[in-house]
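Scroll down for the structure; my scribbles are underneath it.
The values are calculated or read from the model by the stated rules, or taken from the named source; none is laboratory data. These numbers come from a predicted model, not from an experiment. We place every Cβ from the backbone using ideal geometry, glycine too, and count neighbours over all the protein chains shown. Each accessible area value is taken on the protein alone, full model and side chains, heavy atoms only, with ligands, DNA and RNA left out. Shrake-Rupley method; radii C 1.70, N 1.55, O 1.52, S 1.80 Å.
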Amino acid sequence: MGTSEIQTSGTPGGTRETPAAPPAPGEGREPAGRQETAPPALHAGPDRWRYARHLDLLAAAGAAGGADEAGAVAAVLRDPDPVMAQSAVVTHIDRRAVRLLPGAGFRDWARTLGSVLEGHPFPARRLREWTLLKAMASGGSWSAAELAAASDWCQLTAVRSPASDEALALLAASARTRRVRNAAARRLRRRAAPRSE
């Protein structure tokens, strides 16, 4: 078989035809039924540029808050590269959550964003884990099972945050990684040590 021909039948010597020429630059073929989901400028260019543009868009929308931010997150999640898009959204969630965690606006923000994260497991889980960290830091209700099932990232972040002694004891005893267990145990020992003044 020649390099410019493809075999179209399952039998040797079957009909051969030359494949269609690739589209010229700027003449991309859209699959039937597929519609463009965002402005071309949002999804054009190398991944690192798109990632940076997504972060800029999300930061600007985050400053505006509310529906603007949720709309920007939804637009980024429509990027043709779902891994890159979800990574940009998680980076945004991390940045915003750190700022909002101490305040009263965190719950409303999490509720608003949660509605657009359905079907996107990575950012949805990260938002749930920030909500767990908020509950632990503010004395809200949380469960040991939820903390035990949390990602390594969440468990380590809990150790580094103002977590309760109960949460630290749970992590010191049963966190998945030795790093988190040791860090939780060290933090508990420091809290228990008498302070000299």
Checklist outcome for this item: Counting only residues that are farther than 16 Å from C154 by Cβ and either aromatic (F, W, Y) or in contact (Cβ under 8 Å) with a residue 24 or more places away in the chain (or both), segment 106-116 contains a total of 6
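Table: residues versus (1) aromatic (F, W, Y); (2) part of a loop (DSSP other than H, G, I, E, B); (3) modelled with pLDDT of 90 or more.
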site	(1), (2), (3)
P19	no, yes, no
P25	no, yes, no
A32	no, yes, no
W49	yes, no, no
D56	no, no, yes
V76	no, no, yes
Checklist entry - Name the pairs whose Cβ atoms lie under 7 Å apart, with the first residue in segment 71-84 and open to solvent by 40 Å² or more (accessible area, probe 1.4 Å), the second part of a loop (DSSP other than H, G, I, E, B) and not polar (S, T, N, Q), and 6 or more positions between them or separate chains? => result R78/A38
Item to check | Out of G62, G45, sole residue that is at pLDDT below 95, among the small types (G, A, S) and open to solvent by less than 30 Å² (accessible area, probe 1.4 Å) | outcome: G62
Checklist entry - Does at least one position in segment 107-117 carry a residue that is of a type outside the set (S, T, N, Q) and on the phi > 0 side of the Ramachandran plot? => result no
Checklist entry - Which pairs have Cβ atoms under 9 Å, sit 6 or more apart or on different chains, and link a residue in segment 163-188 that is farther than 22 Å from L101 by Cβ to one that is crowded, with 17+ Cβ neighbours inside 10 Å and charged (D, E, K, R)? => result A172/R181; A172/R187; A173/R181; S174/R181
Checklist entry - Do any residues in segment 135-156 that are closer than 18 Å to V98 by Cβ have Cβ atoms under 6 Å from those of residues that are part of a loop (DSSP other than H, G, I, E, B) and of a type outside the set (S, T, Y), where the two are at least six apart or on different chains, and which pairs are they? => result A135/W142; M136/W142; M136/A163; A137/P162; Q155/A175
Next on the checklist: Looking at R195, R160, R179, R189, can you tell me which residue is modelled with pLDDT of 95 or more and loosely packed, with under 14 Cβ neighbours inside 10 Å?
Outcome noted: R179
